[in-house]
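Taking it in order: structure first as structure tokens, then the write-up.
The values are calculated or read from the model by the stated rules, or taken from the named source; none is laboratory data. Because the structure is predicted, anything quoted here is derived from the model rather than measured. Ideal geometry is used to build each Cβ from the backbone, glycine not excepted, and the neighbour counts take in all protein chains shown.
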Amino acid sequence: MSNDSTRQELMISEKYLKDLLRQVVSLRAGDRCEFPGCINMQCDPHHWHTQKNNAVKYNPDCCINLCAEHHTGGNQSAHRAPTLFKKIIIENCIRSEEWADNILSIANQVVKDDRYFREFWKEKLLEELRRAAA
């Protein structure tokens, strides 16, 4: 297999895994934004730590489902005001300090993004979707 086809395979796999992640995070959140009081249903997963970090990239436990306003747009959004955002979701029992601490420990792991890593997350995410459908 050439380097170009290998890269293409990884790109397709990346898109597929992100789609599975989006489905799982949305399902866990009841298909709505998890910001307190928000009822928006058009959401994407927000990674508590950068999704460039392989240890958290496909882990739904490291994400929260947010609409565009609470993800990147508003004054209390996760990207514009992360400290305030964290305070709000913890004070409203959406997530806990332990959750944030646990993600920090996960994010500190060194993980290689290879086919075994992607296969692990593919199976884990599909299994959660299968259980939810049953």
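Scan the stretch 82-108 residue by residue and report those that are surrounded by 10 or more Cβ atoms within 10 Å (Cβ to Cβ), of a type in the set (A, V, I, L, M, F, W, C) and not in a helix (DSSP H, G or I). ILE94, the sole residue that qualifies. Can you spot a residue in the stretch 66-85 that is within 14 Å of the chain's Cα centre (by Cα), within 21 Å of LEU125 (Cα to Cα) and of a type outside the set (Gly, Ala, Ser)? Scanning the stretch 66-85 turns up at least one residue that is within 14 Å of the chain's Cα centre (by Cα), within 21 Å of LEU125 (Cα to Cα) and of a type outside the set (Gly, Ala, Ser).
Residue count for the stretch 120-133 under the criterion of being without any contact (Cβ under 8 Å) to a residue 12 or more places away in the chain and under 18 Å from LYS52 (Cα atoms): the result is 1.
Filter the stretch 109-134 for residues that are among the aliphatic types (A, V, I, L, M), surrounded by 12 or more Cβ atoms within 10 Å (Cβ to Cβ) and either more than 16 Å from the chain's Cα centre (by Cα) or part of a loop (DSSP other than H, G, I, E, B) (or both) and give the result. Hit for the stretch 109-134 is VAL111, nothing else. As for the stretch 113-121, it holds no residue that is more than 14 Å from LYS57 (Cα to Cα) and of a type in the set (A, V, I, L, M, F, W, C). Residues of the stretch 47-76 that are touching a Leu at 6+ places or on another chain (Cβ under 9 Å), assigned to a helix (DSSP H, G or I) and at pLDDT below 95: THR72 alone. Apart from one condition, HIS79 fits all of (1) touching a strand residue (DSSP E or B) at 6+ places or on another chain (Cβ under 9 Å); (2) surrounded by 14 or more Cβ atoms within 10 Å (Cβ to Cβ); (3) at pLDDT below 95; the exception is (2). The residue pairs whose first member lies in the stretch 11-25 and is more than 17 Å from ASP114 (Cα to Cα) and buried (at least 18 other Cβ atoms within 10 Å of the Cβ), whose second member is among the β-branched types (Val, Ile, Thr) and modelled with pLDDT of 95 or more, and whose beta carbons are closer than 9 Å, counting only pairs six or more residues apart or on different chains, are VAL25/ILE64. With respect to (1) over 21 Å from ALA132 (Cα atoms); (2) hydrophobic (A, V, I, L, M, F, W, C); (3) without any contact (Cβ under 8 Å) to a residue 40 or more places away in the chain, the lone exception for ILE64 is condition (1). Against the list (1) surrounded by fewer than 22 Cβ atoms within 10 Å (Cβ to Cβ); (2) touching a residue at least 12 places away in the same chain (Cβ under 8 Å); (3) closer than 22 Å to LEU104 by Cβ, the condition GLN42 fails is (3).
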